[in-house]
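The values are calculated or read from the model by the stated rules, or taken from the named source; none is laboratory data. Quantities reported herein were computed from a predicted structural model and do not represent experimental measurements. Methodologically, a virtual Cβ is constructed for each residue, glycine included, from the backbone with ideal geometry; neighbour enumeration extends over all protein chains shown. To get the accessible areas, we keep the full protein, side chains included, count just its heavy atoms, and leave off ligands, DNA and RNA. Shrake-Rupley method; radii C 1.70, N 1.55, O 1.52, S 1.80 Å.
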Amino acid sequence: MNLEIKNLSKTYANGVKALQDVSLSIGKGMFGLLGQNGAGKSTLMRTIATLQDGDSGSITFNGIDVLKQPEELRKVLGYLPQEFGVYPNVSAEELLLHIADMKGIVNKNERKEIVSELLNRVNLYDVRKKHLDGYSGGMKQRFGIAQALMGNPQLIIVDEPTAGLDPMERNRFYNLLSEIGENTVVILSTHIVEDVSTLCNDMAIIGNGKVLMKGKPDEIEEALQGKVFELPIEKSELPEYEEKYKVISQRFYMGRMMITVVADDFPSGEFSGKAPTLEDAYFNLLFDQKKAELV
């Protein structure tokens, strides 16, 4: 079970190069696609999901030529888009029964059984009769996963699934996605580093439509071992430190600004070493990308 993307490019009519020669090999399990808003993640997800065409390149999944056989891919695809709309005055049960019917599940009893099983799986069975406009953001996302799981798909795409969720709902969603990823190819597209570090065993970072880095999260972190340092400073001192060091991020800690610096050698005695995180690796890459654009 493998998704192969080779040299995929897409330029919109306004001249924006949304995808530039993207190549990825994605196997079974949770694969994280990390990038800022506008990096090209949604364009890639929509192209894989057969909602738009690429200009060049190829996508194959288990022998299916996705760009030439979109109807075949849709038979094994589950998709939760970034903007997932629902019919507000319909219950979760009613809408899932309708979706099951559209998926070709013609037997009425079988439809009811499948829908009940899915609602239980996403912990919505007790509120199955409730109209979807009364659902919280997290409940709507769990419903979105339920509809994406209809028909036992082999490939599942979830685009920015945890944006706007509170910590408790996000944790529930993490647990659900982890369970799904055990036997399926799941692509998680997000700008939230925690989503990838928590869930994924393989990942890629995308920016300006290009794959900037790919690998396992722990290996990407390990590449910065011994090169990440931090220091609490006064906010007014930030420009001075940015002039002297590679400051990849800053945050407030106990009323003071804490800066994170990447350097090959220990910057000075006032800094302390820091165990690198995926967020550090991500910010370091974005720093280098921005610097390259200014040259």
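Answer yes or no: is there a residue in the range 100-111 that is among the basic types (Lys, Arg), in contact with a helix residue (DSSP H, G or I) (Cβ under 9 Å, 6 or more places away or on another chain), open to solvent by 30 Å² or more (accessible area, probe 1.4 Å) and within 27 Å of residue 32 (Cβ to Cβ).
There is no residue in the range 100-111 that is among the basic types (Lys, Arg), in contact with a helix residue (DSSP H, G or I) (Cβ under 9 Å, 6 or more places away or on another chain), open to solvent by 30 Å² or more (accessible area, probe 1.4 Å) and within 27 Å of residue 32 (Cβ to Cβ).
Out of all the residues in the range 75-84, is one or more more than 30 Å from residue 7 (Cα to Cα) and open to solvent by 50 Å² or more (accessible area, probe 1.4 Å)?
Applying the first criterion (more than 30 Å from residue 7 (Cα to Cα)) to the range 75-84 yields none.
Checked against the condition, which is being more than 30 Å from residue 7 (Cα to Cα) and open to solvent by 50 Å² or more (accessible area, probe 1.4 Å), the range 75-84 yields no hits at all.
Among the residues of the range 167-184, are any of a type in the set (Ser, Thr, Tyr), within 30 Å of residue 291 (Cα to Cα) and out of contact with any His (no Cβ under 6 Å at 6 or more places or on another chain)?
Among the residues of the range 167-184, not one is of a type in the set (Ser, Thr, Tyr), within 30 Å of residue 291 (Cα to Cα) and out of contact with any His (no Cβ under 6 Å at 6 or more places or on another chain), which makes the answer no.
Starting from the range 135-149, keep only residues that are closer than 16 Å to residue 94 by Cα, then list their pairs with residues that are small (Gly, Ala, Ser) and part of a helix (DSSP H, G or I) whose Cβ atoms are within a distance under 6 Å, requiring at least 6 positions of separation or different chains.
Every condition considered, the pairs that remain are 143/92.
Got at least one residue in the range 82-99 being small (Gly, Ala, Ser) and more than 20 Å from residue 143 (Cα to Cα)?
no
Of all strands (runs of 3 or more DSSP E) completely enclosed by the range 127-218, which ones contain at least 3 residues that are at pLDDT 90 or above and either over 27 Å from residue 63 (Cα atoms) or open to solvent by less than 10 Å² (accessible area, probe 1.4 Å) (or both)?
155-159, 185-190, 202-207
Could you tell me whether the range 92-114 includes any residue that is on the phi < 0 side of the Ramachandran plot, of a type in the set (D, E, K, R) and in contact with a Ser or Thr (Cβ under 6 Å, 6 or more places away or on another chain)?
no
Among (1) assigned to a strand (DSSP E or B); (2) open to solvent by 30 Å² or more (accessible area, probe 1.4 Å), which single condition is residue 26 missing?
(2)
With the structure loaded, tell me whether residue 280 is closer than 26 Å to residue 210 by Cα, modelled with pLDDT of 90 or more and among the acidic types (Asp, Glu) or whether it fails that test.
Against the criterion (closer than 26 Å to residue 210 by Cα, modelled with pLDDT of 90 or more and among the acidic types (Asp, Glu)), residue 280 qualifies.
Among (1) acidic (Asp, Glu); (2) loosely packed, with under 12 Cβ neighbours inside 10 Å; (3) in contact (Cβ under 8 Å) with a residue 24 or more places away in the chain, which single condition is residue 280 missing?
(2)
Are any residues in the range 63-74 part of a loop (DSSP other than H, G, I, E, B) and open to solvent by less than 40 Å² (accessible area, probe 1.4 Å), and if so, which ones?
66
Filter the range 193-206 for residues that are in contact (Cβ under 8 Å) with a residue 40 or more places away in the chain and among the β-branched types (Val, Ile, Thr); which is farthest from residue 25 (Cα to Cα)?
193
All but one of (1) at pLDDT 90 or above; (2) more than 19 Å from residue 179 (Cβ to Cβ); (3) surrounded by fewer than 16 Cβ atoms within 10 Å (Cβ to Cβ) hold for residue 91, so report the exception by its number.
Of (1) at pLDDT 90 or above; (2) more than 19 Å from residue 179 (Cβ to Cβ); (3) surrounded by fewer than 16 Cβ atoms within 10 Å (Cβ to Cβ), only one is false for residue 91: (3).
Report yes if residue 60 is open to solvent by 10 Å² or more (accessible area, probe 1.4 Å), in a strand (DSSP E or B) and of a type outside the set (D, E, K, R), otherwise no.
Yes: the conditions hold for residue 60.
If residue 44 satisfies all but one of (1) part of a helix (DSSP H, G or I); (2) more than 14 Å from residue 214 (Cβ to Cβ), what's the number of the condition it fails?
For residue 44, the failing item is (2).
Where residues in the range 38-47 are under 11 Å from the mean Cα position of the chain (by Cα) and of a type outside the set (D, E, K, R), which of them is least open to solvent (accessible area, probe 1.4 Å)?
Here the answer is 45.
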